[in-house]
Every structure is written in C-alpha cells, then in structure tokens.
1. Taking the 0 to 90 degree range and rounding to the nearest ten, how far is the long axis of helix 28-49 tilted relative to the main principal axis of the chain, both from C-alpha atoms?
2. Taking the dipole about the Cα centre of the chain, with the C-beta of Lys and Arg at +1 and of Asp and Glu at -1, give me whichever of G99, T55, P10 is farthest to the positive side.
3. For the chain, with the dipole built from +1 on Lys and Arg beta-carbon atoms and -1 on Asp and Glu ones, taken about the Cα centre, which of V31, M42, Q74 lies farthest toward the positive end?
4. Please state the shape class of the chain: rounded when a/c is under 1.5, otherwise prolate if a/b exceeds b/c and oblate if not, all from the C-alpha gyration tensor.
5. Given labels modelled 7 Å from the Cα in the Cβ direction, how far is it in nm from Q68 to T37?
6. Mind putting a number on the dipole of the chain about its Cα centre? Charges go on the C-beta only, +1 for Lys and Arg and -1 for Asp and Glu, and I need it in Debye to the nearest 20.
Amino acid sequence: MDSGTPEKKPVRVSIYNQTYALLASEEEGQVEELARTVDELMHSIAVQAGNIDSTRIAVLASLHLADQLRSLDQELASLRERIDRKAREFSVRLDGAIGLDQ
C-alpha cells in the first residue's frame with residue numbers, strides 16, 4: 001500500500017575523508033553530487049585555511065553554503081518582484097488595449 005511518502009534508499013557518500021551512509025528520498029546520483037560539492041568545498045577551504053581541524057572546516061563550509069543560499073534567496077525575491085511588476089504593467093496595457101480602462 002502506498003502511503004504517499006517517497007521510499008528512502010540507502011546511499012553511501014564520502015565527504016572530507018569520512019564515509020556516510022544516508023537514507024535519501026532523492027535519486028542516488030543527486031545525493032552523490034551534493035556530497036561531492038560539499039567535499040570539494042571542504043577540501044578547498046582546508047587548502048586555503050591551512051592547519052585547522054575538520055570541525056572548523058565543516059563550519060566554514062556551512063557558512064559559505066548559507067551565504068550562497070541567502071544570496072540566491074535575495075536574487076529569487078528580486079526576480080519575483082520584477083515579474084510581478086511586469087505582470088501588472090502588462091495587465092494595465094492589456095486592459096487599455098481591449099478598452100477596459102474606460
């Protein structure tokens with residue numbers, strides 16, 4: 001019987017020299033790609049930051065990803081605002097073109 005919730009599948013990933021067994025409702029490849037992105041970011045931070053422990057590297061990676069997310073959220077909000085403004089402009093023009101503004 002289908003309960004409506006996606007079935008979770010086990011996925012093994014490696015992030016910063018640690019292996020994790022995850023249960024994922026997404027496609028295995030998507031989870032692996034996300035893990036690869038985090039792994040690459042952590043290795044990049046480790047190279048730049050020098051001799052710091054993996055917990056600090058993970059925190060810095062989290063902050064970096066949170067900053068990216070915030071920037072994308074702001075960009076999305078701005079795009080939505082522009083779309084809403086253009087939709088209102090087009091609606092006014094359309095109303096004028098078909099004579100509804102009289």
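Nothing in this text is a laboratory measurement; each read-out follows from the coordinates by a stated rule. All values derive from a computational prediction rather than experimental measurement. Every residue, glycine as well, gets a Cβ built from its backbone with ideal geometry; the counts of neighbours run over all protein chains shown.
1. So the helix axis and the longest Cα principal axis differ by about 70 degrees.
2. G99
3. Ranked along the dipole, the leading option is Q74.
4. Because a/c hits 1.5 or more and a/b fails to exceed b/c, the chain counts as oblate.
5. So the label points at Q68 and T37 sit 0.5 nm apart.
6. For this selection, approximately 240 debye.
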